[in-house]
1. Taking segment 19-58 as the search range and keeping residues that are among the hydroxyl-bearing types (S, T, Y) and exposed (fewer than 15 other Cβ atoms within 10 Å of the Cβ), which one is nearest to V122 (Cα to Cα)?
2. If I ask for residues that are assigned to a loop (DSSP other than H, G, I, E, B), crowded, with 16+ Cβ neighbours inside 10 Å and either without any contact (Cβ under 8 Å) to a residue 12 or more places away in the chain or not β-branched (V, I, T) (or both), which ones from segment 59-104 would you list?
3. Which residues, taken from segment 1-18, are touching a residue at least 40 places away in the same chain (Cβ under 8 Å) and loosely packed, with under 13 Cβ neighbours inside 10 Å?
4. Residue check, I113 against (1) within 23 Å of the chain's Cα centre (by Cα); (2) surrounded by 19 or more Cβ atoms within 10 Å (Cβ to Cβ), all met but one. Which one?
5. Do the conditions hold for A51, that is, is it of a type in the set (G, A, S), in contact with a Lys or Arg (Cβ under 9 Å, 6 or more places away or on another chain) and modelled with pLDDT of 90 or more?
6. Out of everything in segment 25-58 that is part of a helix (DSSP H, G or I) and not hydrophobic (A, V, I, L, M, F, W, C), what residue ends up being farthest from H4 (Cα to Cα)?
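The values are calculated or read from the model by the stated rules, or taken from the named source; none is laboratory data. Note that this is a predicted model, so its numbers are computed, not measured. Positions of Cβ are generated from backbone atoms using ideal geometry, with glycine treated the same way; all protein chains shown enter the neighbour counts.
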Amino acid sequence: MNHHLVLRVIAKFLLPFILVFALYVQWHGDYGPGGGFQAGVIFAVGFILYALVFGVEAVKKLIPVRATVGLMSAGVLIYAGTGIASLILGYDFLDYSGFGSDPVHGQEWGILIVELGVGIAVAGAMVAIFTAFASRAPEIEDKDW
């Protein structure tokens, strides 16, 4: 796969745009279609594209297995921590009313934080699942094309 120069150049060109689009979907999720799950999947797709073009080992160097586990854990902790913070503030679990100067702003801040946690967890999980399966798959040689 070393001689697929055009494929490698196009993949390196597209990767930043994919990641920026994932951030757009993440932060625009309150006002339109999107949110944490969709953004997490799009973010992971950028790294999956990188793995398909440059190999799974190249992605494992960028995001080691321990980092994917850390991303999944951090995402769940952000989500659960938001619920616990609302309990500490005297509201129901995941009732974000106390996070802002008024309940409307509190709801906006709370959902942004929760969606961030979901996006981080989903991105970590998708990359971890892909690398786990792809690491066990037999390598496709160029003669098989």
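1. Pass one, segment 19-58, residues among the hydroxyl-bearing types (S, T, Y): 24, 31, 50.
From the residues that got through so far, the ones that are exposed (fewer than 15 other Cβ atoms within 10 Å of the Cβ) too are 24, 31.
Numbers: Y24: 16, Y31: 21 Å.
Taking the candidates together, the pick is Y24.
2. Selection gives Y91, L94, D95.
3. Here is the first cut: in segment 1-18, the ones touching a residue at least 40 places away in the same chain (Cβ under 8 Å) are 1, 3-4, 7-8, 11.
H3, the sole residue that qualifies.
4. (2)
5. Values: of a type in the set (G, A, S): yes; in contact with a Lys or Arg (Cβ under 9 Å, 6 or more places away or on another chain): yes; modelled with pLDDT of 90 or more: yes.
Yes: the conditions hold for A51.
6. From segment 25-58, those part of a helix (DSSP H, G or I) are 25-28, 36-54, 56-58; that's our starting set.
Then drop every residue that is not not hydrophobic (A, V, I, L, M, F, W, C), which leaves 26, 28, 36, 38, 40, 46, 50, 57.
Numbers: Q26: 33, H28: 36, G36: 34, Q38: 30, G40: 28, G46: 18, Y50: 13, E57: 17 Å.
Per the stated criteria, the residue is H28.
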